[in-house]
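Visitor: To start, I am sharing the structure in question, which I have written as structure tokens.
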Amino acid sequence: MFIKQLVAVLSLFVACSVLAALAGAGNRAPDRPDLQQKPSIIDRPATSEPADRVTQIPLVVFIAAEPEYDSSTSLDTLAKSLDPARYRTALLKPAPKQDTADNLPGADALDHAAAVVIFARFQRWPAEQLAPLERHLKRGGGIVAIRTSTHAFAYDAASPLSSWNSFGPRVIGAPWIYHYGHDSSTAVKLDEANRDHPMLRGVAPFSSRSWLYCLNPPSTPTLGTFPPARATVLLRGQSLDQSGHAPADRPIEPVAWMLESEWHGRVFATTLGHPDDFKNEGFVRLLRNAIDWASEPRQDAAQPKDQPSRDTK
């Protein structure tokens with residue numbers, strides 16, 4: 001008799017628990033973007049690897065923070081193409097939408113990055129999300145900057161973070177000035193003086209769908225020379241009009257270069273980055289070479305200068 005009563009009580013308890021769970025599920029709020037979500041780590045090495053071995057593999061953080069060129073797709077594909085035995089990768093994207101400019105979840109991953117690949121445009125991240133990038137630069141971390149990163153940030157002039165608007169010329173070696181229009185394309189050639197540079201291994205001249213960024217307008221030479229003289233130019237581009245001709249008033253411009261930042265970090269930059277460029281084997285090879293170079297630890301780094309937000313040029 002006692003056993004029958006016990007079974008009955010247990011059955012009633014289980015039934016009530018199930019009903020309560022179902023009721024809770026019915027009242028649960030719909031899914032919402034988690035603005036504090038962590039980035040997804042992709043291309044992990046095999047899980048059989050010891051944990052300490054995995055954490056010793058360099059982390060490359062990809063930031064896809066612009067909607068015009070579908071950078072999230074391009075960088076995701078590039079990240080997945082890296083050898084998982086050599087790199088861990090994390091892809092950061094704005095939230096809740098790709099065109100959100102003031103929120104980059106998971107930015108603290110930059111504190112663990114060997115290199116940062118950035119494809120950003122007109123961002124206004126809050127100070128706490130900028131801080132990891134600032135620390136990365138300050139410790140001489142590597143940067144691979146793509147196309148619109150010449151104008152990665154666009155804070156109001158009155159903002160205490162407005163000095164980040166100089167990220168292009170100060171960090172990667174070129175500002176945004178203008179381009180030659182969406183109906184143009186670019187003939188890309190190796191820089192003659194550096195055609196045998198190791199960074200260009202596996203890279204040949206190619207046609208790019210990217211409309212050329214004009215970095216050195218003949219009409220405004222007082223802006224300076226971009227990239228700076230200390231940079232090593234790897235590729236140069238000639239703008240072609242819709243008919244495939246090269247107008248005489250469009251100067252040949254650098255489209256890929258490497259330099260050392262004022263914080264002794266390795267920086268590679270390119271003004272190319274149209275989605276079609278990522279279908280070009282040579283361009284992808286160049287980016288992989290740049291990631292290899294930028295990820296190498298620096299043994300000769302001197303004490304860094306102040307962070308970008310404290311000292312502007």
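Visitor: Looking at the range 135-149 only, could you name the residues that are out of contact with any Lys or Arg (no Cβ under 7 Å at 6 or more places or on another chain) and outside any helix (DSSP H, G or I)?
Guide: Arg139, Gly141, Ile143, Val144, Ala145, Ile146
Visitor: Then there's this: Every residue in the range 285-300 that is over 16 Å from Ile143 (Cα atoms) and either modelled with pLDDT of 95 or more or polar (S, T, N, Q) (or both), please.
Guide: Arg285, Gln299 - these are the residues of the range 285-300 that are over 16 Å from Ile143 (Cα atoms) and either modelled with pLDDT of 95 or more or polar (S, T, N, Q) (or both).
Visitor: Does Arg86 meet the test of being of a type in the set (D, E, K, R) and at pLDDT below 95?
Guide: In short, no.
Visitor: I've got another one for you. Would you kindly identify the strands (runs of 3 or more DSSP E) lying entirely within the range 150-244 that contain at least 3 residues that are touching a residue at least 40 places away in the same chain (Cβ under 8 Å) and out of contact with any Ser or Thr (no Cβ under 6 Å at 6 or more places or on another chain)?
Guide: Of the strands (runs of 3 or more DSSP E) lying wholly inside the range 150-244, those with at least 3 residues that are touching a residue at least 40 places away in the same chain (Cβ under 8 Å) and out of contact with any Ser or Thr (no Cβ under 6 Å at 6 or more places or on another chain) span 185-190, 232-240.
Visitor: For the range 155-193, which positions are over 20 Å from Ser261 (Cα atoms), touching a strand residue (DSSP E or B) at 6+ places or on another chain (Cβ under 7 Å) and surrounded by 15 or more Cβ atoms within 10 Å (Cβ to Cβ)?
Guide: Across the range 155-193, the qualifying residues are Ile177, His179, Tyr180, Ser184, Ser185, Thr186, Ala187, Val188, Lys189, Leu190, Asp191.
Visitor: Something else now. Output the residues belonging to the range 247-260 that are among the small types (Gly, Ala, Ser) and modelled with pLDDT of 95 or more.
Guide: The one that is among the small types (Gly, Ala, Ser) and modelled with pLDDT of 95 or more: Ala256.
The values are calculated or read from the model by the stated rules, or taken from the named source; none is laboratory data. Bear in mind that the values here come from a model prediction, so they are computed numbers and not experimental data. Backbone-built Cβ (ideal geometry, glycine too); neighbour counts: all protein chains shown.
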